[in-house]
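One structure below.
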Amino acid sequence: MSKKILLEHGSGGKLSHQLINELFVKYFYNPLLALQSDSAIINLETNNIAFTTDSFVITPIFFPGGNIGKLAVCGTINDLAVAGAIPKYISASFILEEGLPLADLEEIVSSMAEEARYAGVLIVAGDTKVVEKGHCDKVFITTTGIGILEKKFNHISSGINIGCGDKIIINGPIAEHGMAIILARNFQNFKSEITSDCASLNHLIREILESDCNIKFMRDATRGGLATVLCEIALKCKVNIIVDESLIPISENVAAMCEVFGFDPLYIANEGKIVIVCDKNHTEKVLEIMHRNQYGKQAAVIGEIVKVNQYQKGNVVLNTKVGGKRIINMLSGEQIPRIC
């Protein structure tokens, strides 16, 4: 097989079948995928499912802490998990640019398979298209995920049970993914310890949910960062939120780079961070579970839901490190394009 992607790899002929069998089936192998039918036939044994789809166009496709393939699997898994679902199946569609080194594609596919195995998810269906050189930037990936959702967790994605006094928790330092991408994209020769936080969080989330803690809401803080998630909660649930800047975890390196580039870390994308709203009486238990997990060692309570008559309804107020107060608004415009 050629060492680079050719237009013939998307023709549906011999090279297409070689690519499917010698790369995708090789790494994604499972009995459902092995059938190679037009549809994967799956048995969920439930009538309550979570269903999500996402596209990934990140540049560069390889970055400290991951690549576009790992990101695609993690992003889809996390979207299901924060809804309270158990991720089960993923489909993956690839748009490949003519001339893409086959070794790069193999590394991407291998990382997808590895992440899926860690998460306990099967990649059961997919598609591959090839476009002429210059009509796509190396590779774009679209993933769709299906998960099982127990009815007792139906409320989590809506936040309908959020109330005054509930605490807001994040599982670790913010802005790492966005800053890692900026450095990899624009400052390749700049040495830094900043790496993307790209990770599948379904095992951590499942442990929290199975602890019987009263979880009111979960969301992964991706594009738009922590600030946008908080604004979404406030507006959607018609509540006000107070957040303490000094409690928000952020590494010294990330904080310094944000200051150098003039970015507000509250708006920088993450790919391994969940924002949880939980009953104040269960806060310590949630933190205890998080601190035992590799993806929650620096988890912290960063704020709470407050009475709506303290401020105009739907506001997020930041208590700053210098003792002032600042209204946090939703991200306006595109801060960092092609971040995921």
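Checked against the criterion of being under 27 Å from Asn186 (Cα atoms) and aliphatic (A, V, I, L, M), the candidates Ile68, Ile42 yield just one match: Ile68. The listed residues are Ile49, Ile61, and the only one of them that is in the same structural domain as Ala125 (by TED's automatic domain parsing) and more than 28 Å from Ile339 (Cα to Cα) turns out to be Ile49.
Scanning segment 184-217 for residues that are among the charged types (D, E, K, R) and closer than 15 Å to Lys152 by Cβ turns up Arg206, Glu210, Asp212, Lys216.
Being touching a Leu at 6+ places or on another chain (Cβ under 6 Å) and small (Gly, Ala, Ser) holds for only one residue in Gly314, Gly303, Gly333, Gly323, and it is Gly314.
Reported count of residues in segment 225-247, each being among the polar types (S, T, N, Q) and either outside the structural domain of Thr320 (by TED's automatic domain parsing) or farther than 21 Å from Asn161 by Cα (or both), is 1.
If you check Ile215, Ile174, Ile205, which single one turns out to be in contact (Cβ under 8 Å) with a residue 40 or more places away in the chain, of a type in the set (Val, Ile, Thr) and in contact with a Pro (Cβ under 9 Å, 6 or more places away or on another chain)? Give the derivation first.
Working: Ile215 fails: in contact with a Pro (Cβ under 9 Å, 6 or more places away or on another chain); Ile205 fails: in contact with a Pro (Cβ under 9 Å, 6 or more places away or on another chain).
Answer to the check: Ile174.
So is Ser91 of a type in the set (Ser, Thr, Tyr) and within 30 Å of Glu193 (Cα to Cα) or not? Answer is no for this residue.
How many of the residues making up segment 37-65 are surrounded by 13 or more Cβ atoms within 10 Å (Cβ to Cβ) and either charged (D, E, K, R) or farther than 29 Å from Glu150 by Cα (or both)? Result for segment 37-65: 10. You will find that of Leu122, Leu183, Leu149, the residue that is in the same structural domain as Tyr267 (by TED's automatic domain parsing), surrounded by fewer than 23 Cβ atoms within 10 Å (Cβ to Cβ) and of a type outside the set (Val, Ile, Thr) is Leu183 and no other.
Of the helices (runs of 4 or more DSSP H) entirely within segment 1-94, those holding at least 3 residues that are more than 24 Å from the chain's Cα centre (by Cα) occupy 14-19, 31-34. Within segment 101-119, residues that are farther than 27 Å from Tyr295 by Cα reach partners that are modelled with pLDDT under 95 and of a type in the set (Gly, Ala, Ser) with beta carbons closer than 8 Å, at six or more positions or on different chains, in the pairs Leu102/Ser2.
The values are calculated or read from the model by the stated rules, or taken from the named source; none is laboratory data. No experiment lies behind these values; they were computed from the predicted model shown. Methodologically, a virtual Cβ is constructed for each residue, glycine included, from the backbone with ideal geometry; neighbour enumeration extends over all protein chains shown.
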